[in-house]
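Notes follow once the structure below has been shown.
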Amino acid sequence: MRTVRVKLGKRSYQARIGHDLLGQAGKWLRELVPAGEKAALITNPAVDNLYGVLLKQGLEKQGFKTATLLVPEGEEQKSLDTAAKLYAGLQAVHAERSTLILAMGGGVIGDLAGFVAATYMRGLPLVLLPTTLLAQVDSSLGGKTAVDHGPVKNNIGVFHQPLLVIADTFTLRSLPQAEVSNGLAEVIKYGMICDSAFFNLLEKNMQKIRAFEDPLLEEIVARSAAIKAGIVAKDERDSGLRNILNFGHTIGHAVESASNFKIRHGQAVATGMVKASAIACRLGIFPHHQLERLKNLLLQAGLPVTMPQVEMSRVIKAMEYDKKVQNGKIRFILPRSIGKAFISNDVSLALAVEVMEGADD
Ligand SMILES: NC(=O)c1ccc[n+]([C@@H]2O[C@H](COP(=O)([O-])OP(=O)(O)OC[C@H]3O[C@@H](n4cnc5c(N)ncnc54)[C@H](O)[C@@H]3O)[C@@H](O)[C@H]2O)c1
């Protein structure tokens, strides 16, 4: 097992990452809340079927009374309606200020259950048990919780740091390959923005990672989580530096939104990283052979490297809505080399459109 510490003063916590950790969760939660009795597990039916019994057995052994609140699948559940159903569920089981909220699942469950934990009775203690690669390397770290509202993703939310994150890499084995690729986009992003040695490791081992080889998988998740934790520790509230995590997201978010979220986040970010890097190539600040390395790695990870069929006018509109465009310039995270990126407010919309429309990069 590896431990990553998210250093946020009084709100610091650990992410424990490794194989077969769910069975130990009960013991760790007992250490965390020596006198606590109640826990509410928020998850979805598929994840509950796979891992619910294992988790709950460990909790019961430690004297926790656990109620399970099930949420159907899908991003559309990240809503105030579903949050209200969960509030009613917590009332029905007489949740108290000390009741532990356990969120087991992907980023949808983590964001939704985190939001409910942050707001119910002005805040309940939260433990995240991420079971997708994306959630283990990204969404479980940093305390961002949210629900979507109308057409706007993550429109209503609050920062609420968990007490503990337990990322059991064994659970990744039941993920469909498309979900693994989705998470790998963020993993590759970490290499691109701040760790060239990590990028090299990914290049050498992508097939082994996709085959869930341990201890490699544990190392990849832990190193990714450590990069995210390091950035979050310097900018908890997302007021500057944390922006660097948006590499690939300027175009990525816009493509996702222009496709009415039919294109998965990871796929959109993969294209976004290629296009941001191609812009940096055009500006003469990023070498072309490194763009080729990025594309090769993304392809090995099962991710796209070209623009999907989306209307360019919708992509531009989405970037404008995101407040990324000002006076004809767009905020981009650009690479200088593999492992080094910076925030630029100076890319012209015209260049971005030219690169997005171009097939050459
Ligand atoms: N809070 C943050 O900082 C942050 C960061 C990035 C993304 N997000 C959010 O995360 C969400 C996306 O998360 P996601 O990619 O994990 O998608 P997801 O939560 O929808 O999970 C994807 C699918 O995998 C299934 N699943 C989960 N674990 C499984 C397992 N071990 N085996 C088999 N199936 C499993 C789920 O039931 C679901 O169908 C978005 O809502 C996004 O906004 C939040």
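Quick note: the coordinates plus some simple rules give every number you see, no bench work behind them. Note that the structure is predicted; figures quoted are calculated from it, not measured. Don't worry about glycine lacking a Cβ; one is built from the backbone with ideal geometry, like all the others, and counts go over all protein chains shown.
Points worth noting:
- Amide H contacts for Thr99 (H built 1.01 Å from N in the peptide plane; partners 5 or more residues away or on another chain; cut-off under 5 Å): none found.
- Under 5 Å from the amide H of Leu164 lie the amide H atoms of Leu128, each residue being 5 or more positions distant or on a separate chain, with H modelled from the backbone and absent for Pro and chain starts.
- Net +/- balance of residues flanking Gly52 in space, Cβ distance below 14 Å, scoring K and R +1, D and E -1: -2
- Each other residue within a Cβ distance under 9 Å of Gly63 adds +1 if Lys or Arg and -1 if Asp or Glu, for a net charge of +1.
- For the pair Asp20 and Met1, label points projected 7 Å from Cα toward Cβ lie 1.3 nm apart.
- Cα gyration tensor of the chain - equivalent ellipsoid semi-axes, whole Å, descending: 36, 22, 17
- Segment 59-170 - Rg (one decimal) and Dmax (whole number), Cα, Å: 13.2, 44
- Global form of segment 121-161, assessed from the alpha-carbon gyration tensor, a/c cut-off 1.5: oblate
- Within the chain: Cβ-based charge dipole about Cα centre, in debye rounded to nearest 20 (Lys, Arg +1; Asp, Glu -1): 900 debye
- When segment 20-88 is reduced to its Cα atoms, the Kirkwood hydrodynamic radius in Å: 13.0 Å
- Bridgeable lysines around Lys144 (alpha carbons under 23 Å apart, same-chain partners fewer than 8 residues away excluded): Lys7, Lys10, Lys78, Lys85, Lys153, Lys189, Lys228, Lys234, Lys323, Lys324.
- The stretch between Ser313 and Gln177, if pulled fully straight at 0.36 nm per residue, gains 45.8 nm over its current Cα-Cα span.
- Among the GluC sites (Glu not before Pro) within segment 2-63, those in coil by DSSP and having at most 13 neighbouring Cβ atoms inside 10 Å are Glu37.
- Residues with amide H under 5 Å from that of Thr68, placed H, sequence gap 5 or more: Leu41
- Convex hull volume per residue in cubic angstrom - Cα atoms of segment 302-358: 111 Å³
- Working value for segment 167-287: equivalent-ellipsoid semi-axes of 23, 18, 16 Å, each the square root of 5 times a Cα gyration tensor eigenvalue, largest first.
- Computed across segment 239-361, the Kirkwood radius stands at 14.1 Å (inverse of mean 1/r, all Cα pairs).
- Coupling constants for segment 154-166 follow from the phi torsions by the Karplus curve (6.51 cos²θ - 1.76 cosθ + 1.60, θ = phi - 60°), and in residue order they are 6, 6, 10, x, 7, 7, 8, 6, x, 7, 6, 10, 10 Hz; glycine and proline get x.
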